[in-house]
1. Roughly how far apart, in whole Å, are the Cα centres of the range A:58-92 and the range B:1-52?
2. In the range A:66-115, which residues become less accessible by 40 Å² or more once every protein chain is in place, relative to the chain on its own, using a 1.4 Å probe?
3. For the protein assembly as shown, with the dipole built from +1 on Lys and Arg beta-carbon atoms and -1 on Asp and Glu ones, taken about the Cα centre, which of A:Ala135, A:Gly44, B:Ala71 lies farthest toward the positive end?
4. Work out, step by step, the length gained on full extension between B:Tyr89 and B:Ser125: first 0.36 nm times the residue separation, then minus their alpha carbon distance; give nm to one decimal.
5. Could you give each residue of the range B:9-15 its phi-based ³J(HN,Hα) in whole Hz, using Karplus coefficients 6.51, -1.76, 1.60 with θ = phi - 60°, and x for Gly or Pro?
6. So which residues of the range B:4-18 lose at least 40 Å² of accessible area, probe 1.4 Å, when you go from the chain by itself to every protein chain present?
7. Assuming a ≥ b ≥ c are the square roots of the Cα gyration tensor eigenvalues, decide whether chain B counts as rounded (a/c under 1.5), prolate (otherwise, with a/b larger than b/c) or oblate.
8. For the rotation that superimposes chain A on chain B, which residue of A has the C-beta lying nearest to the axis, and at what distance in Å?
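The values are calculated or read from the model by the stated rules, or taken from the named source; none is laboratory data. None of the values given here were measured: they were computed from a predicted structure. FYI the Cβ positions are ideal-geometry reconstructions off the backbone, even for glycines, and counts take in every protein chain you see. These accessible areas exclude ligands, DNA and RNA; they are computed on the full protein's heavy atoms, side chains included. Shrake-Rupley method; radii C 1.70, N 1.55, O 1.52, S 1.80 Å.
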2 protein chains.
Amino acid sequence: MPTLMRQINVISRCGARYRTEKFKPMDLCAPHHSYILNICKKPGISQEQLAEHICVDKSNVTRQIAHLENAGYVTRTQSPDDRRVTLVYPTDKAFSALPYVKETVAFWNSYITQDLTEEENAQLSNMMQKICKRAKQYFEECEADKK
Amino acid sequence: MPTLMRQINVISRCGARYRTEKFKPMDLCAPHHSYILNICKKPGISQEQLAEHICVDKSNVTRQIAHLENAGYVTRTQSPDDRRVTLVYPTDKAFSALPYVKETVAFWNSYITQDLTEEENAQLSNMMQKICKRAKQYFEECEADKK
């Protein structure tokens, strides 16, 4: 039986491949759904908050946001409270893309879980929450150890 | 409640971050565990078979194999049966790295699932298999539609 991480990575990569195809005409790449969704939900979110929420490192966020800015989906500005903090705002183009992005993500979620019963889906969600919590906790403990 | 794909992507990214840290001293990157494991298991595996097994596109495999070749982990050769097919072989360095790679992957798997009972782990594995099958099937159906 494949390990859990093998299964998770396969599902994650297939999802990325699906989004790559769907997003190509919009000049968006596979990871950009997380950005569009979160920036439209919280206009003015900082790059640091995005990195934490999406669980990627800051240099990755900076690179993706630069792409989205060039493609006209977001604007960046320095925080008036702290010049080291960069705030990200969605453009009209981002809000226009939002329904399509949501639909793409929702379709894939329901497609891959079509063989599970409602009860199984609920159990799965519950177990995955426990796993997510541990995965994030690992790095929190590492940070705490450094201090 | 976050969607299943959100949970899967978070766990996948945390796993990648963990491997990035652990693999850095060995000049390996996060995705390379899949390559080292599969190439050591099947010396002479083709790049196409690797792409299919790992669920990434062929250009991605070519790029990662080039990195692994430069770092001394693999050698590449044309198939004697079909010149268009590239076969990949592990070096002694790959076999030396194998126990560390296996240990890194195994630690993370057991770390993130420590809050699940044995029964839950079995249920999870079963559900994830169904989801993996569907995720892969999507692309098989797309390929079939093209024909």
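1. Centre-to-centre (Cα) distance: 29 Å.
2. A:Trp108, A:Asn109, A:Tyr111, A:Ile112, A:Asp115
3. B:Ala71
4. On the way: separation 36, 0.36 × 36 = 12.96 nm, distance 3.09 nm.
Once the chain is fully extended between B:Tyr89 and B:Ser125, it gains 9.9 nm.
5. For the range B:9-15, the Karplus-derived couplings read 5, 4, 5, 4, 5, 5, x Hz, x marking Gly and Pro.
6. In the range B:4-18, residues shielded by partner chains: B:Leu4, B:Met5, B:Arg6, B:Gln7, B:Ile8, B:Asn9, B:Val10, B:Ile11, B:Ser12, B:Arg13, B:Cys14, B:Arg17.
7. Values: a/c = 2.14, a/b = 1.24, b/c = 1.73.
It is oblate, given that a/c is not under 1.5 and a/b is not larger than b/c.
8. Taking Cβ atoms only, the nearest residue and its distance are A:Ser12, 2.
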